[in-house]
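Engineer: Input: one structure, supplied below.
Taken together, the values in this text are just the output of simple stated rules run on the coordinates, not laboratory data. Just so you know, these numbers come straight off a predicted model, no measurement behind them. With ideal geometry, Cβ positions are generated from the backbone for all residues, glycine too; neighbour counts draw on all protein chains shown.
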Amino acid sequence: MEYQKNDLVTVTIEDMGNEGEGIGKVNGFTLFVKDAVLGDTVEARIVKNKKNYAYARLEKVVTPSPFRVTPACAYHRQCGGCQLQALSYQKQLEFKQKKIRDNLIRIGGFSPEYIDAKMEPVIGMEEPFHYRNKAQYPVGTDREGNVITGFYAGRTHSIIANTDCCLGASKNKDILEIILDYMRTCHVSAYNEITGEGLIRHILIRTGFTSKEIMVCLVINRNRTGSPKGNKNREYLPRQNELIQRLAEIENMTSVSVSINTERNNVIMGKEIHTLWGSPVISDTIHVRDMQKEGYPFTGKELTFHISPLSFYQVNPVQTEKLYSLALEYAGLTGRETVWDLYCGIGTISLFLASNAKKVYGVEVVLQAVEDARENAKRNGICNAQFFLGKAEEVLPEFYEKAGKDFDSAADMLHPDVIVVDPPRKGCDEACLQTMLQMQPERIVYVSCDCATLARDLKVLCDGGYELKKVRGVDQFGMTVHVETVCLLSKLGVK
Ligand code: SAH
């Protein structure tokens, strides 16, 4: 049966797609319904029609699914941040388990039986709200010209005014209200993406969950203003001290800075950072956990990191401890191993590994992150970690080429015991994977934030002589469709 745009159909949702959309069938015709939940029967209006399928908008839940819950946030449908708030958390975990499994089978080419034998249950969160240590709020104006801040609506740059996101730290609301109030009373303009005018573009807030330290960084659209050259009191913001005084009154405020971004692009942070008050960094501590024991208790080992506004740091610190501890467990270190940690960021995983290995080599493309990694090693008294700046797909092959010809002494580095990778969503570059295969480590630990590219890369590694031994998801991003995955591979013929 043919459907027309705007037709209203009643459909039962039998599956969910990778982006969290409900999927149902009417007369053999597949409908994708955003915001409909597995098990719902809904009325949906066709918005986009294709030959065998259509996209439809949820109009009314006729019979709610037993897995449907009341969303915590009133904006959950418009906001681009969350996709699964109406689904019970237990079902969210099942969705993520299935998403990893399906991708490994469909893209990775593994059989369902093989994956089921290797896959461990996804590690869920104890508290799936207020888990994020970082939020970046765009600043703009509403139709009446009032300054607002909040989040982008899905797939757009229109801002939904909301200072109280249920995924972020509760204190963010107070901080945002202070900044909005300052902007109103001091007549400070919000940036306008279309005209390129206006001052304040974004507000970054980061909180160290263990240290409680708070960092606020305002991304602004111009350099110093106001006073003539040579005057020491030149300011980045109008009546800057009034804002600083109010922010400094917030308990545990540690760092207030501005980031200068005058580019007309979608990149949030500018490269230049100036500390206006307090410290340039906040710190946070990550504890190693015992992943074999119920409740994953701390082992007593811990590392402290300094985080600057531009450095990458995992956004869910509670789950990060489990993610890193699992990666460490999969690495199976005894203290004698040589390990490469590719895409190492500020050296978090590298330093965890270093305390159990002979030597760790990290590779990272962002200069500031490499500098942070070296500093973090010193701060934690770790001397057996070395960091290289560059792209993994360039550093590793170049090193392998050169060292392979020139030095015998590099044998350990050329053929490490373990390689750990934690690439961004696009996964590993082919040149990186091929060099990893040439290096023939006994084990590869792959940490991934996108199980589709993970599956693609596992196929290359398994075709190249590795065997997938273990797979486990860690939910770092409750209420969203995203999930982290950790995999252990070992060289064929090695136990
Ligand atoms: N393992 C770290 C960082 C993971 S995020 C942690 O857990 O904190 C991925 C990191 O890869 C980022 O720091 C990013 O800057 C870096 N990166 C992105 N592309 C890269 C490439 N081609 N080569 C090396 N590093 C890269």
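Engineer: Identify, among Ala354, Pro297, Tyr400, the residue whose Cα sits farthest towards the positive end of the charge dipole of region 284-491, taking +1 on the Cβ of Lys and Arg and -1 on the Cβ of Asp and Glu, with the dipole about the Cα centre.
Structural biologist: Of the listed residues, the answer is Pro297.
Engineer: Additional query: List Asp40, Asp341 from most exposed to least, where exposure is judged by having the fewest other Cβ atoms within 10 Å.
Structural biologist: The order, fewest Cβ neighbours first, is Asp40, Asp341.
Engineer: Relative to the present Cα-Cα distance, how much length would full extension add between Gln440 and Cys462 at 0.36 nm per residue of separation?
Structural biologist: Details: separation 22, 0.36 × 22 = 7.92 nm, distance 1.22 nm.
In short, 6.7 nm is gained.
Engineer: Here's another thing I want to ask about it. What number, in nm² with one decimal, is the all-direction average of the projected area of the convex hull of the alpha-carbon atoms of region 199-344?
Structural biologist: 12.1 nm²
Engineer: If amide hydrogens are placed 1.01 Å from N in the peptide plane, which non-local residues have theirs closer than 5 Å to the one on Val474?
Structural biologist: Counting only residues 5 or more places away or on other chains, the set is Ile123, Glu484, Thr485, Val486.
Engineer: Could you put Lys96, Lys426 in order, starting from the residue whose Cβ has the fewest other Cβ atoms within 10 Å?
Structural biologist: So the residues, fewest neighbours to most, are Lys426, Lys96.
Engineer: Treating the beta-carbon of each Lys and Arg as +1 and of each Asp and Glu as -1, no other charges, what is the dipole magnitude of the chain about its Cα centre, to the nearest 20 debye?
Structural biologist: 660 debye
Engineer: Checking the a/c ratio against 1.5 first, then a/b against b/c, what shape does the Cα gyration tensor give for region 126-265? Walk me through the intermediate numbers first.
Structural biologist: Numbers: a/c = 1.90, a/b = 1.22, b/c = 1.56.
Cα axes put region 126-265 in the oblate bin.
Engineer: Right, next: For the chain, what is the percent of antiparallel DSSP beta bridges, rounded to the nearest 5?
Structural biologist: Looking only at bridges with both residues in the chain, the antiparallel portion is about 65 percent.
Engineer: Let me ask you something else. How big is the dipole moment of region 284-491 about its Cα centre under a simple scheme where the beta carbon of each Lys and Arg is +1, that of each Asp and Glu is -1, and everything else is neutral? Debye, nearest 20, please. List each step's numbers first, then the result.
Structural biologist: On the way: 22 positive and 30 negative charges, 79 e Å.
That gives a dipole near 380 debye.
Engineer: Pulled fully out, how much extra length does the chain show between Ser283 and Ser111, if you take 0.36 nm times their separation in residues and subtract their Cα-Cα distance?
Structural biologist: 57.5 nm
Engineer: Further question on the same structure: Mind listing which GluC sites (Glu not before Pro) in region 1-88 are in a DSSP loop and have 14 or fewer other Cβ atoms within 10 Å?
Structural biologist: Glu2, Glu19
Engineer: Below 8 Å, C-alpha to C-alpha, sequence gap of six or more: please give me the relative contact order for the chain in percent.
Structural biologist: Reported as a whole number, the value is 12 percent.
Engineer: Another question, if that's okay. Going 7 Å from the Cα of Gln4 along its beta-carbon direction, which residues of region 46-82 have the amide nitrogen within less than 19 Å of the resulting point?
Structural biologist: From region 46-82, the list is 46-57.
Engineer: Which ³J(HN,Hα) values, rounded to whole Hz and listed in residue order, are derived for region 106-120 from phi using the Karplus coefficients 6.51, -1.76 and 1.60 in 6.51 cos²θ - 1.76 cosθ + 1.60 with θ = phi - 60°, glycine and proline given as x?
Structural biologist: 6, 9, x, x, 7, 7, x, 5, 5, 4, 4, 6, 9, 8, 9
Engineer: Filter the trypsin sites (Lys or Arg not before Pro) in region 281-375 down to the DSSP loop ones having no more than 14 other Cβ atoms within 10 Å, then list what survives.
Structural biologist: Values: sites: Arg289, Lys293, Lys301, Lys322, Arg336, Lys358, Lys359, Arg374; in loops: Lys293, Arg336, Lys358.
Within region 281-375, the qualifying trypsin sites (Lys or Arg not before Pro) (loop, at most 14 other Cβ atoms within 10 Å) are Lys293, Arg336.
Engineer: Still on this structure, please answer the following. Report ³J(HN,Hα) in whole Hz for each residue of region 140-148, in order, from the Karplus equation J = 6.51 cos²θ - 1.76 cosθ + 1.60 where θ = phi - 60°; Gly and Pro get x.
Structural biologist: x, 10, 8, 4, 7, x, 6, 6, 9
Engineer: Classify region 284-491 from the C-alpha gyration tensor, please: rounded if a/c falls under 1.5, else prolate or oblate depending on whether a/b exceeds b/c.
Structural biologist: rounded
Engineer: Here's a follow-up. Rounded to the nearest angstrom and ordered from largest down, what semi-axes does the equivalent ellipsoid of the chain get from its C-alpha gyration tensor (root of 5λ)?
Structural biologist: Computed over the chain, the values are 37, 35, 20 Å.
Engineer: Using the Cα centre of region 134-280 as the reference point, and only Cβ charges (+1 on K/R, -1 on D/E), how large is the resulting charge dipole? Debye, rounded to the nearest 20. Spell out each step's value before the answer.
Structural biologist: On the way: 18 positive and 15 negative charges, 92 e Å.
Using Cβ point charges on Lys, Arg, Asp and Glu, region 134-280 gives about 440 debye.
Engineer: From the residues Tyr182, Asn252, Val122, which one has its Cα farthest along the dipole of the chain in the positive direction, the dipole being from +1 and -1 charges on Cβ of Lys/Arg and Asp/Glu about the Cα centre?
Structural biologist: Checking the options against the dipole of the chain, the answer is Tyr182.
Engineer: While we're here: On a full-extension model of 0.36 nm per residue, what is the gain between Lys212 and Asp15, subtracting their alpha-carbon distance, rounded to one decimal in nm? If you can, show how the numbers build up before the last one.
Structural biologist: On the way: separation 197, 0.36 × 197 = 70.92 nm, distance 4.07 nm.
Gain in length upon complete extension: 66.9 nm.
Engineer: If I model a spin label at Thr299 and Lys98 as a point 7 Å from the Cα along the Cα→Cβ vector, what separation in nanometres do I get?
Structural biologist: Using points 7 Å along Cα→Cβ, the separation is 3.5 nm.
Engineer: Got a sec? Charge dipole of region 108-218, +1 on Cβ for Lys and Arg, -1 for Asp and Glu; which of Asn162, Thr195, Gly140 is way out at the positive end?
Structural biologist: Checked the options; the winner is Thr195.
Engineer: Taking Rh as the Kirkwood radius, which is the inverse of the mean 1/r over Cα pairs, what is the Rg/Rh value for region 386-462?
Structural biologist: 0.97
Engineer: Using Cβ counts within 10 Å as a stand-in for footprinting exposure, how do Arg456, Arg264 rank, fewest first?
Structural biologist: Arg264, Arg456
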